[in-house]
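Trainee: Got a structure for you, written out below as structure tokens; questions coming shortly.
The values are calculated or read from the model by the stated rules, or taken from the named source; none is laboratory data. From a predicted model like this one, the values you see are computed outputs, not experimental measurements. Calculation scope for accessible area: heavy atoms of the full protein, side chains included, ligands and nucleic acids excluded. Shrake-Rupley method; radii C 1.70, N 1.55, O 1.52, S 1.80 Å.
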Amino acid sequence: MIEARGVTEDVGAVYLHCDVDKMYYSVEALESPALADEARAVIISVDPREYPRAVVTTANGVARSIGITSGMSTAIATRLAREQGVEVVYVPPRHDVYSRYSRRLMDLLRTETPLLEQRSIDEAALDWQQHGFAPEPVARLRERILKEIGLSVSFGLAANLLVAKMASEVAKGREDHLCVVGPGEEAAFLAPLSVRALVGIGPKSEARLRGFEISTIGQLAEQPLAWLVEQFGAAYGRYLHHASRGEDDSTLVGEHTYKSVSAEHTFARDTVDRVEIWQRLQAQAQEVSERLRHERLVASEVAIKVRYGVTWETITRQQQGARRGCGGAHAQVVDAATDPADRPARGQARARARRRSADAARVNTPSPKGRGGSARPLEDVEPAGEAVGDVDQAIRGDEHVVELDARTAWWRLGHEVRDLARSGRIGDVHDAQASVEPRDVDHVGIDQAAGPHLVQVVRAESSAA
DNA sequence: TCTGGGGTCCTAGGACCC
DNA sequence: TCTGGGGTCCTAGGACCC
């Protein structure tokens with residue numbers, strides 16, 4: 001609202017999206033000033049000689065100039081550097097340090113707005129209505145952050161959250177690190193950008209769109225809604241239609257509530273060692289358990305996810321546990337393994353385990369996008385002033401996660417497992433059933449009768465792809 | 001050359017109920 | 001004895017984001 005000649009005029013929403021430039025690298029450079037003008041390629045990553053499957057989290061300008069980008073395999077980045085005669089420095093990531101800086105930044109930003117929503121460790125969206133679209137207040141904020149924290153932040157200013165975020169990306173390449181998109185200018189601002197730049201369009205969708213000779217957001221915006229829905233499904237089709245026109249009516253919701261909690265791990269080398277896999281699984285169950293307890297959450301669904309093989313195939317098994325009345329769980333164990341002997345030179349398989357909690361539907365608010373409104377992830381059992389009994393329940397639910405995981409002990413028990421081991425690798429398991437009956441899992445004790453379920457959990461795969 | 005770890009959301013299909 | 005159609009719940013899989 002602005003006051004003009006005594007009349008209050010509604011100027012509509014204004015959002016400021018903030019995005020820290022090269023967050024991890026910038027923090028490391030603040031902590032170790034010599035890094036700031038390092039002439040070598042600095043890669044924030046564990047050393048690939050120790051962890052061959054490491055990836056680049058962030059890289060400095062020198063590294064970027066030779067084509068090293070975030071998410072790239074560190075081994076590949078290293079090779080790129082070698083080919084171009086550039087020396088490389090690896091700086092192992094220190095997430096606790098980045099989190100500390102992140103908290104300081106968010107605290108500072110909160111002093112400048114009535115409503116802030118943290119979007120990731122280095123991004124936030126702010127209600128900026130009180131300042132409007134003028135560049136000066138943003139410039140002052142940027143200076144303040146530089147002075148008080150030392151980080152360089154880029155800003156996008158727009159009438160909706162989607163465009164503000166995309167503007168902040170464009171701002172990174174500008175000297176003043178600010179991009180303002182005035183009301184009504186959204187579609188024109190987006191039109192020349194690549195479809196890949198649109199939030200929600202990744203490699204797969206980009207490829208499909210290019211197949212239709214659609215390469216810019218402007219071209220996407222020209223497509224009829226009905227056609228997009230037909231090609232991409234109801235929700236995504238509608239999203240593409242509106243987003244490409246710069247339309248977004250989402251609003252800031254303030255504090256974030258988790259819908260899932262998970263832990264995952266990628267083995268340094270492929271493995272079929274069931275004891276090793278089992279131990280890792282247990283450790284991750286423990287980790288998720290502790291986090292749930294710490295957050296005082298009850299989970300109602302458990303999922304296990306395994307990813308492996310040349311094609312990085314992912315299989316998941318999940319089970320709701322809410323029926324049992326104390327939450328239940330949702331754990332994911334991601335990634336397993338194939339026999340390295342099969343692919344000696346490549347070692348594609350990675351294994352990780354993720355445990356995720358979810359769904360204890362009894363908390364009132366139905367999911368805005370949920371299917372019937374009853375299922376809700378993660379129940380917060382300690383809203384202010386909750387009774388102790390509820391805390392007990394939280395812990396019970398939490399133990400349930402572990403318990404359900406313990407049921408999985410059949411992984412390594414029984415002669416069936418020996419049979420499986422003899423088969424050499426997961427991909428060789430035959431006659432597996434494609435699904436796990438929840439009833440079966442309920443009845444599974446830690447006994448040999450449960451053995452065959454292993455086959456169900458790690459579904460048979462055709463060999464060697 | 002060979003792919004981290006933490007998340008979110010959507011869709012398809014089967015089971016089950018009425 | 002064979003079979004409809006709608007709604008909901010649940011599971012598996014996939015795409016995407018930082």
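Trainee: A:Leu193: accessible area at probe 1.4 Å, nearest 10 Å²?
Mentor: 40
Trainee: Another question about this same structure. Just to make sure I understand: if all protein chains stay in place, what is the order of A:Trp227, A:Trp312, A:Trp128 by accessible area at 1.4 Å, largest first?
Mentor: Ranking A:Trp227, A:Trp312, A:Trp128 by accessible area, largest first, yields A:Trp312, A:Trp227, A:Trp128.
Trainee: Hey, if we sort A:Asp249, A:Asp273 by accessible area with the 1.4 Å probe, largest down, what's the order?
Mentor: I get A:Asp249, A:Asp273, largest accessible area first.
Trainee: I'd like the carbon and sulfur percentage of the solvent accessible area for segment A:188-244, probe radius 1.4 Å, heavy atoms only, ligands and nucleic acids excluded.
Mentor: Its accessible area is 59 percent carbon and sulfur atoms.
Trainee: May I ask you to give the solvent-accessible area per residue for segment A:23-96, in square angstrom, as obtained with a 1.4 angstrom probe?
Mentor: With the other protein chains kept in place, segment A:23-96 gives 51 Å² per residue.
Trainee: Taking 0.36 nm per residue of sequence separation and subtracting the Cα-Cα distance, how much length would be gained by fully extending the chain between A:Val229 and A:Glu313, in nm to one decimal? Can you show the working numbers first?
Mentor: On the way: separation 84, 0.36 × 84 = 30.24 nm, distance 2.75 nm.
Going from the current span to full extension adds 27.5 nm.
Trainee: Averaged per residue, what accessible area in Å² does segment A:211-307 show with a 1.4 Å probe, protein chains only?
Mentor: Spelled out: the 1.4 Å probe surface of segment A:211-307, per residue, equals 52 Å².
Trainee: As a test question: what accessible area, to the nearest 10 Å², does A:Leu16 have when a 1.4 Å probe is rolled over all protein chains in place?
Mentor: Answer for A:Leu16: close to 0 Å² accessible.
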